[in-house]
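Report on the following structure.
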Amino acid sequence: MNKVFFLGFNKTATCALHELFLNSGYSSCHERDGDKHLAKIMHENYIQNKNVLDTIDNFNVYSDLNYNKENVFLEGNEFYKELDEQYPNSYFILQFRDVKSWIKSRSNHNNNYIERARTGLKLKTIADVKLHWKKTRHETHKDIKQYFDCNKRFITFNIDKDDIYKVINHVKDDYTLDAKHFNKVNVTNYEKNR
C-alpha cells in the first residue's frame, strides 16, 4: 500500500487528518511513535545517510512532522524530496490554513510551545519566532508546490475552505476513508472560543 505524507506544518488539522485514517482502519503516525519523534528521527537518519524513515517506516500515514524539545526545533517536512524518492508512488498532501490564524494557533500551542521554539531556533524574541515561521512557511510551501508541480499524487488542502472529500478522493485507489471520522481534534484554546 502506498504511503500518505501530510507535508503541512503542525496546527493545520494534523490530529484530525490522523484520526480520519486511524479510525478508518489504517496505521497512522502523528508526531511520534512512542518516544520516537518523527522529525527528530528523520533528521538523524538524513545526517547518517539512511532512509529518512528508517526505524519508523511501518505506518501507512504520517502527519505533524515537527519536533520542539530539548532546545531543538525541527521541521521534518523539509525532507519531501527524500520521501518522494524513497517511497515512490506515495501520496503527498500539503495542508494549510490562513497564515495569521496558523501563527496564532502555533503561538498558543501547549506547554509554552513558542518559547521552546524561540530557544530551539536560537532567536531573540517571540516576534522573531513568528517572523521565522511565516518566512519558513512561505518558502516551504513554494518549494513543495514547485517540486510536485504536475504530479498527480500531490494536492493542496486548505483546511478552512476545502471539503474533506478532496483528500478522500485523492487517496481512494489505496484507502477507503469514512468522512464521519474527520472532526476537529486538539484545537488550541483560543480557537475553541471563536
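The values are calculated or read from the model by the stated rules, or taken from the named source; none is laboratory data. Remember, predicted model here, so these are calculated numbers, not experimental data. Quick reminder, even Gly has a Cβ in these numbers, built from the backbone with ideal geometry, and neighbours come from all protein chains shown. The protein model used for the area step is the full one, side chains on, heavy atoms only, and it has no ligands, DNA or RNA in it. Shrake-Rupley method; radii C 1.70, N 1.55, O 1.52, S 1.80 Å.
List every residue pair whose Cβ atoms lie under 7 Å apart, where the two residues are 6 or more positions apart in sequence or sit on different chains, the first residue falls within the range 45-56 and is of a type outside the set (Gly, Ala, Ser), and the second residue, located anywhere, is at pLDDT 95 or above and open to solvent by 90 Å² or more (accessible area, probe 1.4 Å).
Val52/Tyr46
Looking for something modelled with pLDDT of 95 or more, open to solvent by 40 Å² or more (accessible area, probe 1.4 Å) and either closer than 18 Å to His30 by Cβ or touching an Asp or Glu at 6+ places or on another chain (Cβ under 6 Å) (or both) - is there at least one such residue anywhere in the range 82-97?
Yes, the range 82-97 contains a residue that is modelled with pLDDT of 95 or more, open to solvent by 40 Å² or more (accessible area, probe 1.4 Å) and either closer than 18 Å to His30 by Cβ or touching an Asp or Glu at 6+ places or on another chain (Cβ under 6 Å) (or both).
Considering every residue within the range 31-51, establish whether at least one is open to solvent by 30 Å² or more (accessible area, probe 1.4 Å), polar (S, T, N, Q), over 19 Å from Phe92 (Cβ atoms) and more than 16 Å from the chain's Cα centre (by Cα).
yes
Could you tell me whether Phe21 is open to solvent by less than 10 Å² (accessible area, probe 1.4 Å), farther than 24 Å from Asp178 by Cβ and in contact (Cβ under 8 Å) with a residue 40 or more places away in the chain?
No.
For the range 123-134, give me each residue that is assigned to a helix (DSSP H, G or I) and either without any contact (Cβ under 8 Å) to a residue 12 or more places away in the chain or open to solvent by 80 Å² or more (accessible area, probe 1.4 Å) (or both). Working first, answer last.
Residues of the range 123-134 assigned to a helix (DSSP H, G or I): 126-134.
Passing the criteria: Ala127, Asp128, Lys130, Leu131, His132, Lys134.
Need at least 2 residues that are over 21 Å from Ala13 (Cβ atoms) and touching a strand residue (DSSP E or B) at 6+ places or on another chain (Cβ under 8 Å) per element, so show me which helices (runs of 4 or more DSSP H) inside the range 34-109 make the cut, counting only ones lying wholly within it. Step through it out loud before you land on a result.
Working: elements: 38-47, 80-86, 99-107.
Fully inside the range 34-109 and qualifying: 38-47.
Applying the selection to the range 105-122, what residues are open to solvent by less than 70 Å² (accessible area, probe 1.4 Å) and touching a residue at least 60 places away in the same chain (Cβ under 8 Å)?
Ser105, Arg106, His109
Taking into account only those residues within the range 1-18 that are within 8 Å of the chain's Cα centre (by Cα) and in a loop (DSSP other than H, G, I, E, B), which is farthest from Lys152 (Cα to Cα)?
By that ranking, first place goes to Asn10.
What do you reckon, is Arg137 within 25 Å of His43 (Cα to Cα), touching a strand residue (DSSP E or B) at 6+ places or on another chain (Cβ under 7 Å), open to solvent by 30 Å² or more (accessible area, probe 1.4 Å) and in contact (Cβ under 8 Å) with a residue 24 or more places away in the chain? Spell out the reasoning first.
Numbers: within 25 Å of His43 (Cα to Cα): yes; touching a strand residue (DSSP E or B) at 6+ places or on another chain (Cβ under 7 Å): no; open to solvent by 30 Å² or more (accessible area, probe 1.4 Å): yes; in contact (Cβ under 8 Å) with a residue 24 or more places away in the chain: yes.
For Arg137, the condition - within 25 Å of His43 (Cα to Cα), touching a strand residue (DSSP E or B) at 6+ places or on another chain (Cβ under 7 Å), open to solvent by 30 Å² or more (accessible area, probe 1.4 Å) and in contact (Cβ under 8 Å) with a residue 24 or more places away in the chain - is not met.
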